[in-house]
1. Exposure proxy check: 83, 60 ranked by fewest other beta carbons within 10 Å?
2. Taking the Cβ of each residue in 59, 179 as the centre, tally the other Cβ atoms inside 10 Å and list the residues starting with the fewest.
3. Taking each pair of distinct Cα atoms in segment 92-155 once, what is the resulting Kirkwood hydrodynamic radius in Å?
4. Provide 146, 87, 169 in ascending order of the number of other Cβ atoms located within 10 Å of each residue's Cβ, fewest first.
5. What percent of all Cα-Cα pairs in segment 138-180 falls in each 5 Å bin, counting up from 0?
6. I'd like the Kirkwood hydrodynamic radius of segment 71-119, using the inverse of the mean 1/r over distinct C-alpha pairs, in Å.
7. Relative to the present Cα-Cα distance, how much length would full extension add between residue 104 and residue 167 at 0.36 nm per residue of separation?
């Protein structure tokens, strides 16, 4: 009785790294014998080699991932020096690999999509600017270079700002002219 409850406890435990696996996913059927449950778990565990877990992990079902995780837990209870290199790699990948919550937030191709979208928005803004400028009225006549030079002459006639401005002694600035 104690061994059957321990087996059910081990079979109910899901992956420690994800909460997506319900506890009933690996529990045996209530009418199933514990020996049959362990036989089915060992049969599916033997069908999943640990040599290349990295390549297979995304294609495994959640129950197969749970079986691999349990198999690796059993292997890690042994002396670490006795594990093969592929078993160590599999244990590391299952614990810390880029899956579940550590999966990449940006799938491949995201950068190209973002750059394309930003380029399209900049091009649209440029076309909108050019379109608005083409239908805008011409600038007022007071913004021409001739008008600004005439304003300078009028300021000299009226002797505006005689201390530091255009009518001061030794003034070398442009006055009201802003155009080149």
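Just so it is clear, none of the values below were taken in a lab; they were calculated from the coordinates. Quantities reported herein were computed from a predicted structural model and do not represent experimental measurements. Every residue, glycine as well, gets a Cβ built from its backbone with ideal geometry; the counts of neighbours run over all protein chains shown.
1. 60, 83
2. Lowest to highest Cβ neighbour count: 59, 179.
3. 17.6
4. Listed from fewest to most nearby Cβ atoms, that is 169, 146, 87.
5. 5, 25, 27, 21, 13, 5, 2, 0
6. Evaluated over segment 71-119, this radius sits at 13.6 Å.
7. My answer for the length gained is 15.7 nm.
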